[in-house]
């Protein structure tokens, strides 16, 4: 016997646990995508003469910005998910 | 870099973000009924009241029952006179939890008085949010009467639960009706009225056996 352990309360509990799992997954994905912005640097840092040229650095900066944007969006989605906790 | 690889490389984060957004939307749609993702002002008040009620429940489980009762009393004192209909449910829940905590302290007479107060004050409410605390108060009252060997009164209370909420469609209420019937069967068993007890258990299976 307990206070109000109804099936409706259990549904909310399950919903909250799912929400936390989703927010966690989004934050991890955000970290992975953020880290992915460094991949072009590895690739572009292998020109024939062994130096990174100015256009390559420009490409890297743009690519990093692109990835950072989506990493940020995913992080915001994780925060939005957590706001839905009951 | 291979153009295809480059394309995949830049498409992937966008695709992941889009899928994540769609998945979150689907998840929000699967939210349990009766709760809005962006609560109204009245619902925000309810959420503010829920926090102390949950604190009280935590205190109760930590054996700080007196503190828990003080928290429930505080909730009732603060919000009972607010006049906001949305605050009646948390007040009813606080009273039910207070009654339960009192019964755990063996202060059964006080517990029964609190359960009676819930039924007297909110018993005629049509709001499903208020019907559940009323049903819980009655089931808990029946249980408390059973522990006091007042079996006849306990059975009468369980019958009242079935009479009031037996036809309810709300899953929470149906669960409480099933519990009332099961507890009634148990109480009949303690009175050596085994045939009646079996009939009640059969009724539980017949009514709720197919519930998923």
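Computed quantities for the displayed model
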| read-out | value |
| --- | --- |
| Peptide B:190-198, shielding by other chains (average Cβ, 10 Å cutoff) | 0 |
| Inter-label distance, nm, simple model (7 Å from Cα along the C-beta direction), residue B:198/residue B:26 | 5.0 |
| Where labels lie 7 Å past Cα in the beta-carbon direction, separation of residue B:159 and residue B:11 in nm | 7.2 |
| Peptide A:73-84 - average C-beta neighbours from other chains (10 Å radius) | 3 |
| At 1.002 mPa s and 20 °C, Stokes diffusion of segment B:113-212 via Kirkwood alpha-carbon radius, µm² per second | 158 |
| Where the Cα pairs of segment B:70-150 fall when distances are cut into 5 Å bins, in % | 3, 18, 28, 24, 16, 8, 3, 1 |
| Label-point gap, in nm, between residue A:17 and residue B:167 - each point 7 angstrom along Cα→Cβ | 3.7 |
| Peptide-level mean, for A:30-37, of C-beta atoms on other protein chains within 10 Å | 2 |
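Where a number appears in this text, it was derived from the coordinates with a stated rule and is not lab data. Since the structure is predicted, the reported quantities are computational estimates derived from the model, not experimental observations. Counting neighbours? That spans all protein chains shown, and the Cβs are built from the backbone with ideal geometry, glycine included.
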